[in-house]
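One structure is given here, and the rest of the page talks about it.
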């Protein structure tokens with residue numbers, strides 16, 4: 001399959017953007033139903049996006065807007081790029097070492113967020129950026145350790161080979177460790193520390209408005225697809241060989257992950273920065289280390 | 001109950017919120033717009049005296065009085081209803097309508113004082129409710145007296161007193 | 001890195017305008033400064049230009065949550081001055097409305113605390129429960145917030161349907177004991193945020209004159225309902241919950257246990273309530289003199305002083321609200337706390353800024 005197809009159609013833009021909106025909607029809808037509320041209609045995230053993009057934004061110093069445009073676009077491009085590396089279809093273009101590239105690309109969005117936070121020159125934006133940076137470091141330790149365990153167990157740095165070859169025990173423990181990392185990477189409860197509304201407004205995004213916020217919300221939607229997609233594509237070694245069937249299986253697995261994450265978010269209060277970091281260093285990293293040990297000795 | 005049980009219970013119960021045009025009906029005692037029964041009003045201005053936000057005004061002319069009420073100023077505390085000696089005021093048991101400019105719902109009622117049956121001058125009359133309260137049994141004689149202005153009533157009273165004395169002396 | 005972070009006067013964690021300036025060292029708060037007065041309305045001055053009946057409705061608007069306690073205290077003070085006592089039925093109705101309002105205020109606060117913790121489901125649970133109380137109050141009085149129940153020497157509306165109130169109160173007690181208490185005390189994420197946070201020692205609580213649940217959570221057992229019973233509170237059996245630890249969790253516990261006690265008081269009041277006259281009387285003038293009244297509001301002691309020169313308008317009305325007294329303790333609690341705890345700590349005294357900036 002040509003690489004432009006992966007980038008633009010599946011699992012790139014044409015799939016990722018509507019899917020991201022669907023995931024944002026599903027998160028809100030499930031949370032609403034868990035609280036006996038009606039919740040929004042399915043097109044709500046799309047309408048939110050249109051509304052933000054058509055709003056007249058505040059005027060800012062002319063030199064700043066280039067960053068407000070470029071940083072979200074960079075984050076968006078990198079996240080979609082990481083998505084195209086996922087081993088969904090048997091024919092996916094898989095290069096040597098695409099695991100490393102995936103990690104690098106998926107980390108662009110948090111870095112851009114930190115930059116946006118400092119760029120905004122708002123105290124809340126800066127505190128949010130500090131928190132985001134601290135948590136990124138805290139969560140990447142288990143995240144990368146788990147990926148190393150998977151790569152070691154399957155003897156390859158190619159995502160496709162990891163998906164098909166990783167032994168069951170390592171795969172289960174490592175994927176659980178990866179799942180642990182998702183709430184913090186998607187800024188969900190109980191780890192919604194970096195965007196803790198009641199403490200620091202929207203954190204790094206506090207000063208963003210209109211299209212500047214709209215672009216970032218779009219990036220966030222695609223982040224959902226990429227990160228849940230990583231676990232969804234590594235969870236099942238089996239591929240039918242039929243592109244449509246594999247794509248549907250992948251999409252369904254991703255949506256199941258959204259449900260799991262939302263239920264956890266609905267059942268918890270927000271932790272503090274120190275508590276969240278400690279959780280990741282202790283439990284997240286512990287689990288990832290266990291996966292590594294299992295992959296070494298089994 | 002743990003939080004998981006609450007989540008499961010909520011999910012089982014289904015949606016309990018309403019989509020906007022639907023709303024919960026207000027209770028029977030709901031304090032809505034103040035309504036006046038003009039026939040019962042004597043223009044005593046007790047309502048205006050207790051109104052904290054100056055939503056009610058009563059102005060008196062020689063032959064008429066005006067009762068005006070602006071819901072935009074009203075705090076719906078209901079003290080006017082409680083203070084009204086003739087129970088002429090009521091509160092609507094439904095939510096006030098949505099309106100866009102401050103004085104849109106303001107009302108002013110003008111009522112002419114009834115005229116005295118004796119001299120024809122306008123005067124403040126006691127309404128049915130007040131009469132009932134003052135005299136448990138309203139006889140025909142009292143009814144006739146109450147349709148007279150205070151001055152005529154005095155004249156009438158003196159007349160009847162003189163009449164009574166005359167009868168008394170005649171019978172002696 | 002040290003910086004100053006403003007919380008308020010417009011902040012998502014504060015419903016009302018006031019400003020908390022935190023001097024932070026990283027995530028740790030080194031010093032906190034408090035500013036109030038953003039919404040000062042001069043109600044005490046306005047009261048001097050209104051007659052005594054108008055003032056009942058005016059003082060109802062001192063607070064948006066505990067509106068009833070203000071009219072109640074004002075009417076009690078006026079009754080002291082006039083030397084009259086409301087009928088027994090009126091006193092029972094006042095107790096029931098006051099306790100329903102306490103329930104409403106505490107549930108609202110629990111919801112606000114859950115909101116600040118970022119616990120949306122718990123927030124929704126609390127606010128759904130609050131609707132039960134609000135509906136009861138609306139059925140009794142005709143309004144959800146400003147009940148306009150108190151008149152001089154009585155109440156404005158009778159209680160006609162005690163069974164509805166009894167059912168509602170039982171439902172609330174069941175939910176408080178079955179849902180709110182276990183989650184606030186046992187849920188691991190809530191415990192992690194509340195236990196040992198924002199400690200106010202007993203010595204400090206006394207020294208800074210804290211009142212109400214804030215003081216009771218620091219081990220100061222004081223409740224005017226028992227210390228100096230007003231209305232008919234001496235006829236009920238109830239206990240005053242006290243916690244020793246003085247942290248946010250203790251304040252949550254005190255309020256939750258108080259809700260259970262309030263339910264018990266309402267049930268007893270409905271049981272004992274005699275029939276008879278309940279209406280207030282119309283007074284146009286006050287005798288010259290002065291009088292005070294104080295009651296236990298949901299947030300602590302509310303105190304009213306009235307001076308009169310014998311005219312229809314009071315010479316002076318002084319209001320002392322519990323939030324105003326409790327607020328300085330926030331500074332003590334905040335020292336050494338983290339930035340993330342700051343909104344929760346300031347909320348834990350259940351501050352009411354419309355009371356403070358009256």
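Results for (1) surrounded by fewer than 14 Cβ atoms within 10 Å (Cβ to Cβ); (2) free of Cβ contacts under 8 Å to residues at least 24 places away in the same chain; (3) in contact with a helix residue (DSSP H, G or I) (Cβ under 6 Å, 6 or more places away or on another chain), shown as yes or no for each residue.
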| residue | (1), (2), (3) |
| --- | --- |
| B:94 | yes, no, no |
| B:119 | yes, no, yes |
| B:131 | no, yes, no |
| B:152 | no, no, no |
Practice task
Please find, among C:156, C:150, the residue that is touching a helix residue (DSSP H, G or I) at 6+ places or on another chain (Cβ under 7 Å), surrounded by 24 or more Cβ atoms within 10 Å (Cβ to Cβ) and more than 14 Å from chain A (Cβ to nearest Cβ).
Solution key: C:150
Problem - Residue check for residue B:32: more than 11 Å from chain C (Cβ to nearest Cβ), touching a strand residue (DSSP E or B) at 6+ places or on another chain (Cβ under 6 Å), assigned to a loop (DSSP other than H, G, I, E, B) and surrounded by 13 or more Cβ atoms within 10 Å (Cβ to Cβ) - result: no
Practice task
Report those helices (runs of 4 or more DSSP H) wholly inside region A:196-270 carrying at least 3 residues which are closer than 16 Å to residue A:184 by Cβ and either within 14 Å of chain C (Cβ to nearest Cβ) or in contact with a helix residue (DSSP H, G or I) (Cβ under 8 Å, 6 or more places away or on another chain) (or both).
Solution key: A:210-235, A:243-266
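Name the helices (runs of 4 or more DSSP H) wholly inside region C:184-232 in which the number of residues that are more than 14 Å from chain A (Cβ to nearest Cβ) and closer than 30 Å to residue C:86 by Cβ is 3 or more.
C:212-216, C:224-227
For residues in region B:54-86 being in contact with a helix residue (DSSP H, G or I) (Cβ under 7 Å, 6 or more places away or on another chain) and closer than 18 Å to residue C:61 by Cβ, which is nearest to the other protein chains (Cβ to nearest Cβ)?
B:77
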Problem - Tally of residues being surrounded by 14 or more Cβ atoms within 10 Å (Cβ to Cβ) and within 14 Å of chain B (Cβ to nearest Cβ) across region C:261-317 - result: 9
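With the condition being closer than 16 Å to residue C:199 by Cβ, I'd like the helices (runs of 4 or more DSSP H) fully within region C:289-358 carrying at least 3 qualifying residues.
Here the list reads C:329-334, C:342-348.
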Practice task
Considering every residue within region B:133-149, establish whether at least one is exposed (fewer than 14 other Cβ atoms within 10 Å of the Cβ), in contact with a strand residue (DSSP E or B) (Cβ under 9 Å, 6 or more places away or on another chain) and under 29 Å from residue B:34 (Cβ atoms).
Solution key: no
Handout entry: Options A:67, A:47: the member that is part of a helix (DSSP H, G or I) and in contact with a helix residue (DSSP H, G or I) (Cβ under 8 Å, 6 or more places away or on another chain)
Key = A:67
Fill in the blank from the handout: Exactly one of C:100, C:45 is outside any loop (DSSP other than H, G, I, E, B), surrounded by fewer than 19 Cβ atoms within 10 Å (Cβ to Cβ) and on the phi < 0 side of the Ramachandran plot, and that residue is C:45
Exercise for the section: Using the structure shown, decide if residue A:218 is closer than 30 Å to residue A:158 by Cα and surrounded by fewer than 19 Cβ atoms within 10 Å (Cβ to Cβ). Expected result: no
Handout entry: Residues of region A:5-58 classified as away from chain C (no Cβ under 14 Å), under 29 Å from residue C:123 (Cα atoms) and at pLDDT below 90, total
Key = 0
Practice task
Tell me which of these residue B:46 doesn't satisfy, since it passes every other one: (1) within 30 Å of residue B:115 (Cβ to Cβ); (2) in contact (Cβ under 8 Å) with a residue 40 or more places away in the chain; (3) within 11 Å of another protein chain (Cβ to nearest Cβ); (4) buried (at least 19 other Cβ atoms within 10 Å of the Cβ).
Solution key: (2)
Fill in the blank from the handout: Of (1) farther than 16 Å from residue C:343 by Cβ; (2) at pLDDT below 85, residue C:94 satisfies every one except (2)
Problem - Given (1) out of contact with any strand residue (DSSP E or B) (no Cβ under 9 Å at 6 or more places or on another chain); (2) outside any loop (DSSP other than H, G, I, E, B), index of the condition residue A:193 fails - result: (2)
Problem - Test for residue A:105: is it touching a residue at least 40 places away in the same chain (Cβ under 8 Å), in contact with a helix residue (DSSP H, G or I) (Cβ under 7 Å, 6 or more places away or on another chain) and part of a helix (DSSP H, G or I) - result: no
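The values are calculated or read from the model by the stated rules, or taken from the named source; none is laboratory data. These figures come from a predicted structure and were not determined experimentally. Glycine gets a Cβ as well: all are built from the backbone with ideal geometry, and neighbour counts include every protein chain shown.
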